[in-house]
1. May I ask you to verify whether A:S94 is closer than 15 Å to A:S27 by Cα and in contact with an Asp or Glu (Cβ under 7 Å, 6 or more places away or on another chain)?
2. Looking at (1) within 29 Å of B:L111 (Cα to Cα); (2) assigned to a loop (DSSP other than H, G, I, E, B), can you tell me which one A:A96 breaks?
3. Of the residues that sit in the stretch A:52-71 and are more than 15 Å from A:S93 (Cα to Cα) and outside any loop (DSSP other than H, G, I, E, B), which one is farthest from the chain's Cα centre (by Cα)?
4. When you scan the stretch A:59-69, do you find a residue that is acidic (D, E) and open to solvent by less than 60 Å² (accessible area, probe 1.4 Å), even just one?
5. For A:C91, indicate whether it is buried (at least 20 other Cβ atoms within 10 Å of the Cβ), farther than 29 Å from B:S52 by Cβ, within 12 Å of chain B (Cβ to nearest Cβ) and within 11 Å of the chain's Cα centre (by Cα).
6. Does B:E16 meet the test of being in contact (Cβ under 8 Å) with a residue 40 or more places away in the chain, farther than 30 Å from A:R55 by Cα and either surrounded by 14 or more Cβ atoms within 10 Å (Cβ to Cβ) or not hydroxyl-bearing (S, T, Y) (or both)?
7. Here's a check for you: in the stretch A:100-114, which residue that is assigned to a loop (DSSP other than H, G, I, E, B) and closer than 14 Å to A:D30 by Cα is most open to solvent (accessible area, probe 1.4 Å)?
8. Scan the stretch A:1-45 for residues that are among the polar types (S, T, N, Q), exposed (fewer than 14 other Cβ atoms within 10 Å of the Cβ) and within 24 Å of A:G97 (Cα to Cα) and jot them down.
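The values are calculated or read from the model by the stated rules, or taken from the named source; none is laboratory data. Since the model is a prediction, treat every value here as computed from it, not as a measurement. In this analysis, Cβ positions are derived from the backbone assuming ideal geometry, glycine residues included, and neighbour counts consider all displayed protein chains. Surface areas here come from the heavy atoms of the whole protein model, side chains and all, with no ligands, DNA or RNA. Shrake-Rupley method; radii C 1.70, N 1.55, O 1.52, S 1.80 Å.
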Amino acid sequence: DAGVTQSPTHLIKTRGQQVTLRCSPKSGHDTVSWYQQALGQGPQFIFQYYEEEERQRGNFPDRFSGHQFPNYSSELNVNALLLGDSALYLCASSLAGNLVHEQYFGPGTRLTVT
Amino acid sequence: AQSVTQLDSQVPVFEEAPVELRCNYSSSVSVYLFWYVQYPNQGLQLLLKYLSGSTLVKGINGFEAEFNKSQTSFHLRKPSVHISDTAEYFCAVSDRDFGNEKLTFGTGTRLTIIP
């Protein structure tokens, strides 16, 4: 049973550029959430996608956008990159209607902005 | 709004000694509570969760946690730690409402096991 996968594992970008990160959920899951984990901090919720729509959003600017595809995979896009966007980006998947709210995390994508 | 406070940023413990990692939360609604572990250069792995019922919850790798509603705490414990327990530990909460499943994390506690 494949768990949550993310690509790429590492990425280096320059300020002002745009980046796309990808996530495939655990088999059987239909909901994908994205988190940003800055160095030495806990993960912070960016947004969640369900049925190809953004269902919840955290306190992140519009430069952060996403998409969910019919196969439940998801992308996170960040425009006009800032140095402060350097972080580990974690994807988590879950099954809607599962009352335990259990989320399974991928290994993350390490983004470095120079 | 919800918040999670992990009072200790770093906890050094001798191998085979007991450990307690502290977590307090604040929320205006009922919540689910979680502890996650993050090994170096890896994602998060669920250790245990509190949903309802017994306030003592047992998880993987010999860890357990106790939910205390009056003190809004969910401290993590292990009676005897091993070198392999060296990692970052995160406490998290989520709202119980369907469709509001985002996790709010604490800032983490780095557990270092001393041989």
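1. So A:S94 fits the description; yes.
2. For A:A96, the exception is condition (1).
3. At the first step, the residues of the stretch A:52-71 found to be more than 15 Å from A:S93 (Cα to Cα) are A:57-65.
Going one step further and asking which of them are outside any loop (DSSP other than H, G, I, E, B), we end up with A:57, A:64-65.
Working: A:R57: 12, A:F64: 10, A:S65: 10 Å.
That would be A:R57.
4. Looking for residues that are acidic (D, E) and open to solvent by less than 60 Å² (accessible area, probe 1.4 Å), one finds none in the stretch A:59-69, hence no.
5. In short, no.
6. Judged against the criteria, B:E16 is a match.
7. Across the stretch A:100-114, the extreme among qualifying residues is A:E102.
8. Of everything in the stretch A:1-45, just one residue is among the polar types (S, T, N, Q), exposed (fewer than 14 other Cβ atoms within 10 Å of the Cβ) and within 24 Å of A:G97 (Cα to Cα), namely A:S27.
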